[in-house]
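Okay, structure first, notes after.
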6 protein chains.
Amino acid sequence: MHLAAIVAHPDDAEIFCGGTLAKHADRGDKVTVVYMTRGEYGGGSDTTKAEIAATREQEANTAAETLGVETAFLDYEDGRITYSLENRLQIVDTLREHRPDIVLTHFRDDMHPDHRTTSRLVTDAYYMSSLPLVETVNEPWEPQNIYYVGKPTSSFDPDVYVDISEYQSKKEDAIRDHESQVEWLQEHGGIDAEFDDLIEGVRAQARTLGRTRGVEFAEGFVPLHKHTTAYLD
Amino acid sequence: MHLAAIVAHPDDAEIFCGGTLAKHADRGDKVTVVYMTRGEYGGGSDTTKAEIAATREQEANTAAETLGVETAFLDYEDGRITYSLENRLQIVDTLREHRPDIVLTHFRDDMHPDHRTTSRLVTDAYYMSSLPLVETVNEPWEPQNIYYVGKPTSSFDPDVYVDISEYQSKKEDAIRDHESQVEWLQEHGGIDAEFDDLIEGVRAQARTLGRTRGVEFAEGFVPLHKHTTAYLD
Amino acid sequence: MHLAAIVAHPDDAEIFCGGTLAKHADRGDKVTVVYMTRGEYGGGSDTTKAEIAATREQEANTAAETLGVETAFLDYEDGRITYSLENRLQIVDTLREHRPDIVLTHFRDDMHPDHRTTSRLVTDAYYMSSLPLVETVNEPWEPQNIYYVGKPTSSFDPDVYVDISEYQSKKEDAIRDHESQVEWLQEHGGIDAEFDDLIEGVRAQARTLGRTRGVEFAEGFVPLHKHTTAYLD
Amino acid sequence: MHLAAIVAHPDDAEIFCGGTLAKHADRGDKVTVVYMTRGEYGGGSDTTKAEIAATREQEANTAAETLGVETAFLDYEDGRITYSLENRLQIVDTLREHRPDIVLTHFRDDMHPDHRTTSRLVTDAYYMSSLPLVETVNEPWEPQNIYYVGKPTSSFDPDVYVDISEYQSKKEDAIRDHESQVEWLQEHGGIDAEFDDLIEGVRAQARTLGRTRGVEFAEGFVPLHKHTTAYLD
Amino acid sequence: MHLAAIVAHPDDAEIFCGGTLAKHADRGDKVTVVYMTRGEYGGGSDTTKAEIAATREQEANTAAETLGVETAFLDYEDGRITYSLENRLQIVDTLREHRPDIVLTHFRDDMHPDHRTTSRLVTDAYYMSSLPLVETVNEPWEPQNIYYVGKPTSSFDPDVYVDISEYQSKKEDAIRDHESQVEWLQEHGGIDAEFDDLIEGVRAQARTLGRTRGVEFAEGFVPLHKHTTAYLD
Amino acid sequence: MHLAAIVAHPDDAEIFCGGTLAKHADRGDKVTVVYMTRGEYGGGSDTTKAEIAATREQEANTAAETLGVETAFLDYEDGRITYSLENRLQIVDTLREHRPDIVLTHFRDDMHPDHRTTSRLVTDAYYMSSLPLVETVNEPWEPQNIYYVGKPTSSFDPDVYVDISEYQSKKEDAIRDHESQVEWLQEHGGIDAEFDDLIEGVRAQARTLGRTRGVEFAEGFVPLHKHTTAYLD
């Protein structure tokens, strides 16, 4: 099986679904994280965007090794992902190139405009990816489902939980691999940082989700297509 | 595995989840339908309640044979199921007697008062069934989950679908086994009958649910505990 | 009275509200279906878009004859309808040209990007159509209401039902008039096709909606302005 | 046509739907207000409950004359309406005695326990009233629909509006007929009084609802069965 | 100011709102925890209910000292709190006896039947407590507001957060004071125990709520009356 | 403290939150209303847009004097505000120029496209305004919160109320200062006018909101970040 997480910035996949990605990789699934941008806004005023981009790409690759997954980078600009027919077509082609069975991406109501736009691009591309007359470089492909990730709000209320108890420490390691980012968030905060102690917050969140399902740590997902099962379990 | 559907009246289980029950029975699971009442209101004014109760119990047993499941009857009065501590305790003991892994019952917002009360009794009993100090005849028991069934309304919006394409005809046969009821509903309608052609309506509903999930016929469920999965699929 | 359905692709009006359109036409109302595109993506890789567009325009006209309604075609590209001030102004002018009392269009949360964009363009144009300073070729016009159509999901939950029992077979005929499309959907599926037997699925849906309202077949709508009535009925 | 409003206390019908009742009466419909109680809690500590009950019954009858409607009084105790099988059966018989086409009653989520219980009793009785085996003094009867009334909250969001512009002053007169109550509410407040100037508040509410529908004054309703219409309008 | 938390069982107040209670006590507010029951079901089969009740009352008093608050015990039976007019009147009198400005209690949709019933009893009593004709031992009294507490679910979504960062450790100490319960929950679980490490789970929850508000630890509340403020802040 | 209301058209701030603005100004807070456009569509066909813009700017300034607040005008075209990266960046710079503690703007689901786009631009700009690498003329700045304003619909349900009883008449005066608009709305209606008597409608709305909170007149807000409080009150 092949999972592809398509996220806006380095560390988005690690924070939102790093445990699930590591778990799938561990049982032998192919797992790819596609980063829309290199997160070049995530730095202080004493660095250039190019320097930050290079640092964050490297950190993303290190984190990917920690999780046992592969990476790919599209070339959108951080903070400037837009919804256009051209960008939508590029994501169609991205889906057709990687040919994942399962796609993970941001939830539609996320507060970050890049997350929101990524969610919409991936969702619409998903529907178009199988149509033969939507022509791109790669051949048509239809993933089975999309699972959305996000921060709990009244509109993001997970329908599906994955037990990541045995992968929580690997997830935390992968987040720590984003050294520049952890450092910068502690100092500066910003759109994705709500509290100085990032790792503790992520762990508390996984524990809180886990508690609702009787496991130690969990990650939560909202599927595009609701759960169909051969038998109740 | 053992499934128990606890429903208010004969034919409720058949209509709401007959395909799923037949499917589980077919793979060798133990399946029990517990009827709270014998549905003695479901008749015309020229019969006695006792006659109707006898007829409907027999029809429920015939339908159960069709589906390959077992039946049990509690002795509540049709149209008069009440929520009381005593009744709740009786349902605790019913759960402990049958010891199902999975419980199916009515959804909380169902319009029929008997369905609503059954839903609440079963849900509260579920939580109490494992407590050693809640003493009843049988030993404590903790089912894994409850799956609720109901008619689609804005508040009953299924989270889980079971493909019953191969069991739709068996389901329809089981509904037809409730001869007195089908006949009575065609003539009379009432709280559970919304249209004269019961079977066609049930089939349309299963097809409509199926379409949303890409299968021919489906039944939909709202689980008490949301779906936890080892891996996304 | 004049109804205008403004939909993205040939067959959208027929599937979502064909019975209602036929019923209004039958009592002498003027009914127009405005197609934003000619649905040129709805074909296999062995045909050109131009060929498909020509075929589908012809099929739409045939279906319109079946329903007793008129058609008009705007020249948007299938799969590429965008929200822009210019497109919005064009829809303002479309409303002013046709001068409908009632407008039907897609629901805002539809999964198809063309449906979603059409919904937003029509809704915003509706509000601007009456403003004298919004200048277009035709004179200002204010329709009374918009009724949205869509596939049942938790967010599309009809508030208004139209009994189409006597028009269900005409609706099915009109869908069958889209020969190329029915054929293609059976083979190929895609964003609008959820199951191979299109007609049976549409009929099941109308029956399921009808059952909730005590009629044989119904179509459901969400009005922009809620129902105001002189008297309760 | 016959409308029956079944409400918990004198003045409930006048405040929630007095304009609509007056309008229906004015076109010749039979309109009955059934009061579950005589509102004997609505007084100060220097009066007896019996005195208040007598005063309020008289005021309700005066208000009914103002509106042109009839009254009936059941004998429940104010603040002590309970849900029981016996009370439900009594309401079944009340429906069968008055035989209304349309029933109006409180919304299920009203904060006043008497309103909530009345809502549930009337709703469940509505479903049972047509069943021949549910035996009461009067013959089976099936009203067409229930329209719920209530104070706007997130859960009471009207689906249907009635234009009462020409009946607003009659409605206000009917409220003023509850002299003891208006006086008492100004002094004392309590569960039904949210502001000292009752009439102005009621008028503001009707104006606010009216504005959403383009009329001067309106009352809003949530129907049990959604609106089915022969034609869109 | 006087806060009263009215909760079903010993440890409910500590877990749901212990930090907020300690904080108010610390600034000199009077804080009372009223326990509906002594939680006598929270024990193993080798103890009697009376023994457990005695132990838990003592633990609740110890925890109250830790938090700096007072306790009171009503004499309802654990697992058997019912909604009746008599019980509602008793809670009216409880409110009038303690005369709190602010009441805290369980949220209406809590899964535990005792929590749900307590929520309804307290809410309805709140509305009746100010009515002079609702006669009880103590004089009429009107609290300002109710704040509901509960476990996060789709329906319990806090509107108000209290920063308890400086009281988190005191809260944890108070939970640990329920020695018998912590021990029993680790062994046995049950309706209130979702994971073996109670304290870590509670801390994760407070941290997760805190993160959404930019503080280290928080507790969340749903107010009966929404927030009214003299000025935005 | 500094409040800035960023609204699409002259009179939007006055109608939606004029009482709150006047109240804050009155206690000495700095209050700025930033108008995205000069509302040049709000006139008849016998005037030019330039004339209307000039008139409405003047009226906005007069109204601002009445309320005791300052004004600023951006140069977007009425009816044509678009979401683009450039416009978003301009609003980032607007926030950084005015440096408000609290921002007020339109609610996301408002029916007017300009209101909706303004809401989205302001919300996204709010998140970006603090990031040092998002470079604009002015220095980074982080407001504390956004409060959204809108017309009550099922999705705009206020969480926070401000008592404006003492400022209602000043609010009405400020609305009357928009002479051209009041006149035009009475004649013509349009997207923002739902009833001919604008002032009475606004007053009814404030009274209706006030009633839910026990004050004479109120305005309602939905905050971006929910209410955090040191102590319950």
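The values are calculated or read from the model by the stated rules, or taken from the named source; none is laboratory data. Remember, it's a predicted structure, so these values are computed and weren't measured experimentally. Cβ coordinates were reconstructed from backbone atoms using ideal geometry, including for glycine residues, and neighbour counts include every protein chain displayed. Areas reflect the complete protein model, heavy atoms only, side chains present, ligands, DNA and RNA absent. Shrake-Rupley method; radii C 1.70, N 1.55, O 1.52, S 1.80 Å.
Quick rundown of the values:
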| read-out | value |
| --- | --- |
| Residue-wise HN-Hα coupling along region D:137-144, computed from phi with Karplus coefficients 6.51, -1.76, 1.60 (Hz; x: Gly, Pro) | 4, 8, 6, x, 7, 10, x, 6 |
| Exam field: A:D26 pseudo-label spacings to other copies (7 Å along Cα-Cβ), nanometres | 3.7, 3.9, 6.3, 6.3, 7.3 |
| Estimated dipole of region D:2-223 in Debye, rounded to 20 [Cβ of Lys and Arg +1, of Asp and Glu -1, Cα centre] | 680 |
| Protein accessible area in the protein assembly as shown, 1.4 Å probe - carbon and sulfur % | 44 |
| Debye, to nearest 20: dipole size of the protein assembly as shown, +1 on Lys, Arg Cβ, -1 on Asp, Glu Cβ | 0 |
| Per residue, in Å², the accessible surface of region A:104-233 once ligands and nucleic acids are set aside, probe 1.4 Å | 37 |
| Per-selection Rg to Rh, chain F - Cα, Kirkwood hydrodynamic radius | 0.95 |
| Shielding by other protein chains, F:199-210, mean Cβ within 10 Å | 5 |
| Average beta-carbon neighbours from other chains, 10 Å sphere, peptide F:101-110 | 1 |
| Chain F: calculated mean residue ellipticity at 222 nm from DSSP helix runs of at least 4, using -39500 (n - 2.57) | -13500 deg cm²/dmol |
| Rel. contact order, % - alpha carbon contacts under 8 angstrom, at least six apart, region B:2-223 | 24 |
| Total accessible surface hidden between F and C, rounded to 100 Å², 1.4 Å probe | 1400 |
| Residue-level accessible surface for E:H225, protein heavy atoms, 1.4 Å, Å² | 50 |
| Shielding score for E:215-227, defined as the mean number of other chain Cβ atoms within 10 Å | 4 |
| Rounded to the nearest 20 debye, dipole of region E:45-110 from Cβ charges on Lys, Arg, Asp, Glu | 260 |
| Taking the C-alpha atoms of region B:106-233, convex hull volume expressed per residue in Å³ | 160 |
| Inter-part distance where region F:16-82 and region B:1-69 are each reduced to a Cα centre, Å | 68 |
| Among C:79-88, C:29-38, the order from most to least packed when residues are scored by Cβ within 10 Å on average | C:29-38, C:79-88 |
| Alpha-carbon gyration tensor eigenvalues x 5, square-rooted, for the protein assembly as shown, Å | 44, 39, 39 |
| B:S84/A:D197 FRET efficiency (R0 60 Å; Cβ-Cβ; nearest 0.05) | 0.75 |
| Directionally averaged projected area (convex hull, Cα atoms, region D:1-119), nm² | 7.2 |
| FRET efficiency estimate (nearest 0.05) - Cβ-Cβ, A:D109 to E:E135, R0 60 angstrom | 0.75 |
| Estimated vicinal HN-Hα couplings, Hz - region D:86-95 in sequence order (Karplus 6.51, -1.76, 1.60; Gly, Pro = x) | 5, 5, 4, 5, 5, 6, 3, 5, 4, 4 |
| Beta bridges per DSSP with both ends in region C:2-223, % antiparallel, nearest 5 | 25 |
| Under the Karplus curve 6.51 cos²θ - 1.76 cosθ + 1.60, θ = phi - 60°, whole-Hz ³J(HN,Hα) for region D:207-215, x wherever Gly or Pro sits | 5, 5, 5, x, 4, 5, 10, x, 10 |
